[in-house]
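Engineer: Just dropping this structure here.
The values are calculated or read from the model by the stated rules, or taken from the named source; none is laboratory data. Only a predicted model underlies this, so the values are computations on that prediction, with no experimental measurement involved. Cβ coordinates were reconstructed from backbone atoms using ideal geometry, including for glycine residues, and neighbour counts include every protein chain displayed. Calculation scope for accessible area: heavy atoms of the full protein, side chains included, ligands and nucleic acids excluded. Shrake-Rupley method; radii C 1.70, N 1.55, O 1.52, S 1.80 Å.
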Amino acid sequence: MNLTLKIWRQKDKATPGKFETYDAKDISPDMSFLEMLDVVSERAQANGQEPCAFDHDCREGICGMCSLVINGVPHGPEAATTTCQLHMRKFKDGDNIVIEPWRASAFPVLRDLVVDRSAFDRIQQKGGFVSINTGGTPDGNAIPISKKEADLAMDAASCIGCGACVAACKNASAMLFVGAKVSQYMHLPQGQAERSRRVLAMVEQHDAEGFGACSNLQECEAVCPKEISVRVIAEMNRDYLRAALVGTDA
Amino acid sequence: MEDAVSQPSPGIGKVISRMHGSTLGQKALMAVSGIALIAFSFGHMAGHLQMFVGAEQYNTYAHFLQSMGGIKWAIRFGLVALTFLHIFSAVQVSMRNRAARPIAYANNKWIAASLGSKTMRASGGIVLFFIGYHILHFTTLTVGTAGFEKIPEYKLINGLMVDDVYRRMVVSFQNPLLAIGYITGVALLGLHLSHGIQSSLQTLGVLNSAYRPFFKKLGPALAGFLFAGFAIVPLAVLVGIIK
């Protein structure tokens with residue numbers, strides 16, 4: 001199949017970028033989107049051009065490294081799928097494809113389609129963990145957790161931190177990400193001790209990074225490759241208000 | 001994280017700074033003030049529906065409201081304060097949101113967002129303008145009062161002479177421009193609330209997985225009901241059902 005790509009090119013953080021157009025000829029419909037970009041980059045390199053930079057790692061949809069806003073949708077047109085798991089058969093021969101980086105002041109573009117997502121790491125470092133200071137490994141199943149609660153925690157924990165929620169949000173808000181990280185521990189007994197401090201600190205860091213506020217449009221839920229529900233945002237909101245109004249101890 | 005034992009309780013200053021300074025606090029203030037204003041809107045709509053009962057009922061009701069004295073002013077002050085809080089938090093959040101995405105997408109596709117949710121700023125701004133006009137029109141009698149001077153006072157059954165606000169409403173809405181203007185105003189209020197009702201409950205963390213799908217339907221339905229209840233009065237005057 002033959003495609004026309006409009007790709008965002010940007011030399012570095014400080015230099016303003018612009019779109020450049022590439023012809024992608026003889027692309028196999030069985031290629032993944034990233035393989036297609038590999039081919040286009042190799043051809044550009046063979047012609048003496050600078051290849052296009054984009055993030056990727058596992059290429060099996062679990063690491064959260066790949067990104068790209070493809071024709072206006074983070075991770076492209078297929079629901080619940082990362083860019084690396086998107087295949088070219090989802091496109092038609094002759095399609096024009098616009099490829100942009102995540103757009104958020106908290107995710108500055110480092111080069112071409114690569115953005116700096118370390119803001120997520122800093123939010124995570126504020127409370128996305130359980131502190132266990134000492135002691136041996138606890139016995140398995142020593143603490144009973146209902147199936148329902150375990151499932152809610154696991155669904156939230158399936159967040160891979162790719163940042164598609166920020167990219168899709170009209171306010172570049174990271175509330176789905178923070179909500180997932182907060183909800184994950186909220187449903188587990190081990191998460192209770194630090195519950196209030198966790199939500200206060202993580203939301204505070206979210207704000208400090210310059211992400212926007214949630215307007216409840218639910219675009220994040222629609223593009224999330226792991227189908228995280230906006231219920232995690234409601235849970236985070238409830239916990240934040242309780243912690244902010246009532247006190248810092250759970 | 002700090003040691004739990006040494007963690008002091010937050011104190012009122014910290015509570016205020018968190019509610020005022022964080023995205024979630026600002027959104028919560030917007031949601032609470034919005035819900036209070038929605039509650040007022042439903043009461044206001046119920047009051048206006050008494051136009052269908054007749055001049056005696058409506059003028060009695062209006063006179064009752066006017067004779068509340070201090071309570072009336074307390075409610076007015078409260079409404080202004082709530083509106084101010086709602087707008088203040090909306091402006092704060094909007095400014096933050098704009099700064100969060102300095103470069104727009106060349107290509108942007110909506111998947112889940114409703115029309116109401118995408119137009120909150122515009123619908124809210126127009127509704128504010130509409131409310132301003134509405135107060136200047138029926139409360140302060142500053143604008144749109146053509147024909148009001150010819151309306152004599154109304155004599156209630158108990159003999160009390162009161163302002164004939166029923167007649168003022170009829171005279172106003174017999175002007176198609178005013179009637180259509182008011183219907184448009186309440187339509188935009190309905191659009192605003194089609195997102196606002198469910199969004200405020202989500203912001204306050206009230207919605208869980210069981211309630212959310214229900215409120216996603218109930219929110220727009222309540223907004224539609226409010227619109228219909230408000231719009232039916234000018235419409236009934238315009239087509240001559242209320243004379």
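Engineer: Quick one: what pairs do we get from region A:12-23, first residue modelled with pLDDT of 95 or more, second open to solvent by 100 Å² or more (accessible area, probe 1.4 Å), C-beta under 8 Å, 6+ apart or different chains?
Structural biologist: A:Gly17/A:Lys11
Engineer: Continuing with the same structure: If I ask for residues that are part of a strand (DSSP E or B) and either modelled with pLDDT under 95 or open to solvent by 20 Å² or more (accessible area, probe 1.4 Å) (or both), which ones from region A:81-97 would you list?
Structural biologist: A:His87, A:Asn96
Engineer: Only helices (runs of 4 or more DSSP H) wholly contained in region B:107-224 count here; list those with 3 or more residues that are among the aliphatic types (A, V, I, L, M).
Structural biologist: Filter on region B:107-224 gives B:120-134, B:165-173, B:176-203.
Engineer: Spot the failing condition for B:Met68; the list is (1) open to solvent by less than 60 Å² (accessible area, probe 1.4 Å); (2) part of a helix (DSSP H, G or I); (3) more than 7 Å from chain A (Cβ to nearest Cβ), and only one is missed.
Structural biologist: (2) is the only condition that B:Met68 fails.
Engineer: Tell me, please, whether a residue that is modelled with pLDDT of 95 or more and under 30 Å from B:Leu24 (Cα atoms) can be found in region B:172-186.
Structural biologist: Yes, region B:172-186 contains a residue that is modelled with pLDDT of 95 or more and under 30 Å from B:Leu24 (Cα atoms).
Engineer: May I pose another question? Is it true that A:Glu78 is in a loop (DSSP other than H, G, I, E, B) and surrounded by fewer than 20 Cβ atoms within 10 Å (Cβ to Cβ)?
Structural biologist: On the way: in a loop (DSSP other than H, G, I, E, B): yes; surrounded by fewer than 20 Cβ atoms within 10 Å (Cβ to Cβ): yes.
Yes.
Engineer: All but one of (1) modelled with pLDDT of 95 or more; (2) open to solvent by less than 70 Å² (accessible area, probe 1.4 Å); (3) within 11 Å of chain A (Cβ to nearest Cβ) hold for B:His137; which doesn't?
Structural biologist: Checking B:His137 against (1) modelled with pLDDT of 95 or more; (2) open to solvent by less than 70 Å² (accessible area, probe 1.4 Å); (3) within 11 Å of chain A (Cβ to nearest Cβ), the one that fails is (3).
Engineer: Show the residue pairs that are 6+ apart or on different chains and have beta-carbon atoms under 7 Å apart, the first residue being within region A:38-67 and of a type in the set (S, T, N, Q), the second being part of a helix (DSSP H, G or I) and modelled with pLDDT of 95 or more.
Structural biologist: Listed pairs, sorted by first residue: A:Ser67/A:Thr83.
Engineer: A:Glu60 - would you say it is in a loop (DSSP other than H, G, I, E, B), of a type in the set (Asp, Glu), at pLDDT below 95 and loosely packed, with under 13 Cβ neighbours inside 10 Å?
Structural biologist: Considered against the rule, which asks whether it is in a loop (DSSP other than H, G, I, E, B), of a type in the set (Asp, Glu), at pLDDT below 95 and loosely packed, with under 13 Cβ neighbours inside 10 Å, A:Glu60 comes out as no.
Engineer: Please go through region A:139-187 and give me each residue that is in contact (Cβ under 8 Å) with a residue 60 or more places away in the chain, open to solvent by 10 Å² or more (accessible area, probe 1.4 Å) and among the β-branched types (Val, Ile, Thr), ordered by number.
Structural biologist: Across region A:139-187, the qualifying residue is only A:Ile160.
Engineer: Now, a different point. Kindly provide the set of residues from region B:53-84 that are in contact (Cβ under 8 Å) with a residue 40 or more places away in the chain and within 21 Å of B:Gly185 (Cα to Cα), ordered by number.
Structural biologist: B:Leu79, B:Leu82, B:Thr83
Engineer: Provide a single number: the residues in region A:224-245 that are more than 8 Å from chain B (Cβ to nearest Cβ) and touching a Gly at 6+ places or on another chain (Cβ under 6 Å).
Structural biologist: The number of residues fulfilling the criteria is 1.
Engineer: Take the residues in region A:194-213 that are more than 22 Å from A:Asp116 (Cβ to Cβ) and more than 7 Å from chain B (Cβ to nearest Cβ), then tell me which one is most open to solvent (accessible area, probe 1.4 Å).
Structural biologist: Residue satisfying both the conditions and the ranking: A:Arg195.
Engineer: Scan region B:17-37 and tell me whether some residue there is in contact with a Ser or Thr (Cβ under 7 Å, 6 or more places away or on another chain) and basic (Lys, Arg).
Structural biologist: yes
Engineer: Hey, another quick one. Restricting attention to region A:36-57, does a residue exist that is crowded, with 17+ Cβ neighbours inside 10 Å, among the hydroxyl-bearing types (Ser, Thr, Tyr) and more than 26 Å from B:Ile111 (Cβ to Cβ)?
Structural biologist: yes
Engineer: Here's something else I'd like to know. Any residue in region A:106-118 that's among the basic types (Lys, Arg): show its pairings with residues that are outside any loop (DSSP other than H, G, I, E, B) at Cβ separation under 6 Å, as long as the two are six or more apart or on different chains.
Structural biologist: A:Arg117/A:Phe107
Engineer: Does region B:119-132 contain any residue that is open to solvent by 70 Å² or more (accessible area, probe 1.4 Å) and within 11 Å of chain A (Cβ to nearest Cβ)?
Structural biologist: Within region B:119-132 (the criterion being open to solvent by 70 Å² or more (accessible area, probe 1.4 Å) and within 11 Å of chain A (Cβ to nearest Cβ)), the answer is yes, since at least one residue qualifies.
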